[in-house]
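Visitor: First the structure, which I've put down as structure tokens, then a few questions once you've had a look.
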Amino acid sequence: MRLLTATFLALTPFVAQAEEPWGKVDLQAAKSLHDKACTSCHTRMYGGDGSKMYTRDGRMLSNKLELQQRVASCNATVSAGWFPEEENNVAAWLNQQYYHFEN
């Protein structure tokens, strides 16, 4: 029983972190990162200013974690060279601007 309690207490901080996948963010830095690395690709794909990528019908993201994973995937695809903290910033900014996920 003590082992079970100790394990639960040891994992509690990770549970709290899992609920908020990106933690502290810099939304000002995120917008400039997004504009520099994402906009040209999204404009090629969807025209206009590229924001249709986020507002189109049938978008496939349904929560914050999926958004974070998509940003990481795009970072690798376009070789933006972002650190994980920068990916988190961009994911949080996109959530604030377009997605509004609470989970």
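The values are calculated or read from the model by the stated rules, or taken from the named source; none is laboratory data. Keep in mind that what you see is a predicted model, and the values were worked out from it rather than measured. For neighbour counting, all protein chains shown are included, and Cβ atoms are generated from backbone atoms with ideal geometry for every residue, glycine included. Note: accessible area is taken over every heavy atom of the protein model, side chains too, but ligands, DNA and RNA are not part of it. Shrake-Rupley method; radii C 1.70, N 1.55, O 1.52, S 1.80 Å.
Visitor: Of the conditions (1) outside any helix (DSSP H, G or I); (2) open to solvent by less than 50 Å² (accessible area, probe 1.4 Å); (3) modelled with pLDDT under 90, residue 61 clears all except one; give me its number.
Guide: (3)
Visitor: I need every pair where a residue in segment 61-76 that is more than 12 Å from residue 22 (Cα to Cα) has its Cβ under 8 Å from the Cβ of a residue that is polar (S, T, N, Q) and open to solvent by less than 60 Å² (accessible area, probe 1.4 Å), sequence separation at least 6 or different chains.
Guide: Between residues of segment 61-76 that are more than 12 Å from residue 22 (Cα to Cα) and residues that are polar (S, T, N, Q) and open to solvent by less than 60 Å² (accessible area, probe 1.4 Å), there is no close pair.
Visitor: Another question, if that's okay. Of the residues that sit in segment 33-58 and are assigned to a helix (DSSP H, G or I) and over 16 Å from residue 79 (Cα atoms), which one is modelled with the lowest pLDDT?
Guide: Result: 55.
Visitor: From (1) open to solvent by 80 Å² or more (accessible area, probe 1.4 Å); (2) in contact with a Lys or Arg (Cβ under 6 Å, 6 or more places away or on another chain); (3) among the hydrophobic types (A, V, I, L, M, F, W, C), pick out the condition that doesn't hold for residue 83.
Guide: Here residue 83 clears every test but (2).
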